[in-house]
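Scroll down for the structure; my scribbles are underneath it.
The values are calculated or read from the model by the stated rules, or taken from the named source; none is laboratory data. Being a predicted model, the structure only gives us computed values, none of them experimental. No Cβ is skipped: glycine too gets one built from the backbone with ideal geometry, and neighbour counts run over all protein chains shown. Just so you know, the surface numbers come from the protein's heavy atoms only, side chains and all, with ligands and any DNA or RNA stripped out. Shrake-Rupley method; radii C 1.70, N 1.55, O 1.52, S 1.80 Å.
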Amino acid sequence: MGEKSVLMDEAAIRRALTRIAHEIIEKNKGVEDCIIVGIKTRGVYLAERLADRIEQIESVKLAVGELDITFYRDDLSHKAEDAVLRGAQIPEDVTGKTIILVDDVLFTGRTVRAALDALMDHGRPKMIQLAVLVDRGHRELPIRPDYVGKNVPTSRSEIISVLLADVDGAEEVTISQVSE
């Protein structure tokens, strides 16, 4: 792994999540009938933070769910030995609701496709919106986020890492070059 550069520090992550929270409220004209669902692992922590920000702004506590997409991935055969299903925890019926799906980094779109499949097994939402902390490009599927914390054009030889205090003990987004 090559040298790392910090793209977002703790304050930048906090500001991005606050901006996304305001955008969610504005786009949905409030948050009635909204559920925030994080894609495991880091998407869950980001979803909880977004729900907290929305509660501070709107004084409405949103339901927050967790989605494990392990067995919905199209590359499972490559990872089958390591696959451990942690399950989904969706706090209420998604049918007729607006779901805000949250992930840390959007890259090829395959994780989001798997999350959409997993979410549909829980009901038929009125609408699904996508919020990501970092969009790095290189989409392989026609998936576009509704809310983005930071757009970072990358090469395929670069790696974006989101570190969250809840999981990693640090709070930053870094980019590094993969060494040959």
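Odds and ends about this structure:
- Extreme residue, positive dipole direction of the chain, given options HIS138, LEU163, VAL37 (C-beta unit charges): HIS138
- Modelled FRET efficiency - R0 22 Å, GLU158 with ASP75, Cβ distances, 0.05 increments: 0.65
- At the residue level, HIS22 shows approximately 100 square angstrom of accessible surface with a 1.4 angstrom probe and all protein chains present.
- The heavy atoms of LYS27 offer some 100 square angstrom of accessible surface to a 1.4 angstrom probe.
- Only beta bridges with both residues in the stretch 94-180 are counted; by DSSP, about 35 percent of them are antiparallel.
- Take the Cα of ARG139, step 7 Å toward its Cβ, do the same at GLN177, and the gap between the two points is 2.9 nm.
- Probe 1.4 Å, all protein chains present, accessible-area order of MET120, MET127, MET8, largest first: MET120, MET127, MET8
- Magnitude of the charge dipole for the chain, about its Cα centre and with charges confined to Cβ atoms of Lys, Arg (+1) and Asp, Glu (-1), is about 500 debye.
- Cα-based values for the stretch 51-180, radius of gyration first and Dmax second, are 15.9, 50 Å.
- As a calculated quantity, the FRET efficiency between HIS22 and ASP93 at R0 = 25 Å, using C-beta atoms, amounts to about 0.40.
- Probe 1.4 Å, all protein chains present, accessible-area order of GLU3, GLU172, largest first: GLU3, GLU172
- Residues with amide H under 5 Å from that of ALA63, placed H, sequence gap 5 or more: ILE36
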